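The values are calculated or read from the model by the stated rules, or taken from the named source; none is laboratory data. Keep in mind it's a predicted model, so treat the numbers as computed, not measured. Please note: Cβ atoms are built from the backbone with ideal geometry, for glycine as well, and neighbour counts cover all protein chains shown.
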Amino acid sequence: MGFLDNSGDTILDAVLTDTGRMRLAEGNFKIAKFALGDDEIDYSNYNKTHASGNAYYDLEILQTPILEAFTNNTSLMKSKLISYANKNHLYLPTLKLNTLQPDTNMHSDGLFVLTTDSITANEFSPSLGVGNGYEPSNNTLFCRVDQGLDTTDLSPNTVLDDDINETQYLIEMDSRLVSLVSKAGDQMSPLYVDDDEQAAYLVTTAGSMVYSNSVSDKDTPGQAIRGPRGSVVEFWLKASNAVTGGQYFGTIGGTTTMTYDSGSKSYKFIDTVVNLTGITTGATLSVNFRLIQAP
């Protein structure tokens, strides 16, 4: 992977994914959808005081080196460009972790921690900020994500327009390590698992994991969004059988010292990321999780 020099003529660098190459070989390759992103761009480089005039305000942005095309979907297109029919929106919606509600607390290390076998699960109480990823039905902690306009310029009782109010989300994770469950521990089925072993789950207001945030009082405690509120996503993770059996800790993990109910000791751990994307707005959020297991 490298950067392309964008200081001269425009460069088009395109590659096919594994699925694209397969369909090309089968003779039925057809571009039906595409997405645009601006992950590399720092808009603070827009210089309205450039000595050469307004034709040069965006020169540094236009000359920003861009990443070479590559096919790993877990590492690119984090910031997709979107269009809104309503040109009067003053703010764009965001996804924000809510750790202010009961049982949504992170571990003191600044991420969500889940146990991966029965021995480790029995060593931690929920008060330590460690959830049960071995038997999620016995878990009390969960991850909550709030959606809306995080601004004090608009009242929380303002109703969001449909084009900025999420009703469905795509949740992506490493299928080798974890799977998606509801906060009650109900197992979800992935929409698909791609060639990078990333599982994608579609959750909507028709299910139990997404619901409308009806709290409109700005002074109500436990709210992460300061302005108009849209929907809420609540979920947890279940450790895979491979992880429960001890796989991957030696190859992509490490060891760390943690305080448990009876003292402190070293635990094996693997860090992983869960990505949430709003289907309507394209808003994204990455949430860090740590899987732990007693040695």
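Observations on the model:
Conditions (1) of a type in the set (S, T, N, Q); (2) surrounded by 15 or more Cβ atoms within 10 Å (Cβ to Cβ), marked per residue:
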position: Val193; (1), (2): no, no
position: Met209; (1), (2): no, yes
position: Gly227; (1), (2): no, yes
position: Tyr248; (1), (2): no, yes
position: Thr251; (1), (2): yes, no
position: Ser262; (1), (2): yes, no
position: Gly278; (1), (2): no, yes
position: Thr284; (1), (2): yes, yes
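- Among the residues of the range 241-254, those identified as under 15 Å from Phe289 (Cα atoms) and either part of a strand (DSSP E or B) or not aromatic (Phe, Trp, Tyr) (or both) are Val243, Ile252, Gly253, Gly254.
- Counting only strands (runs of 3 or more DSSP E) that sit wholly inside the range 70-167, not one has at least 1 residues that are closer than 30 Å to Pro295 by Cβ, outside the structural domain of Tyr43 (by TED's automatic domain parsing) and at pLDDT below 90.
- Within the range 258-273, the set of residues being modelled with pLDDT under 95 and assigned to a strand (DSSP E or B) comprises Met258, Thr259, Tyr260, Gly263, Ser264, Lys265.
- Filter pass, Gln293 being crowded, with 18+ Cβ neighbours inside 10 Å and in contact with a helix residue (DSSP H, G or I) (Cβ under 9 Å, 6 or more places away or on another chain): yes
- For first residues located in the range 115-135 and crowded, with 17+ Cβ neighbours inside 10 Å, partners that are of a type in the set (Lys, Arg) and lie 6+ apart or on another chain with Cβ distances below 8 Å form the pairs Gly133/Lys238; Tyr134/Lys238.
- If the condition is being β-branched (Val, Ile, Thr), surrounded by 20 or more Cβ atoms within 10 Å (Cβ to Cβ) and closer than 16 Å to Leu202 by Cα, then the range 160-177 contributes only Ile171.
- Annotation note: Cβ proximity below 8 Å between a residue of the range 137-152 that is at positive phi and of a type in the set (A, V, I, L, M) and a residue that is in a helix (DSSP H, G or I) and modelled with pLDDT of 95 or more (sequence gap 6+ or interchain) occurs for no pair.
- Among the candidates Asp219, Asp271, residue that is charged (D, E, K, R) and under 26 Å from Arg176 (Cα atoms): Asp271
- Checking each residue of the range 211-221 against the condition of being modelled with pLDDT of 95 or more, of a type outside the set (Lys, Arg) and part of a loop (DSSP other than H, G, I, E, B) gives no match.
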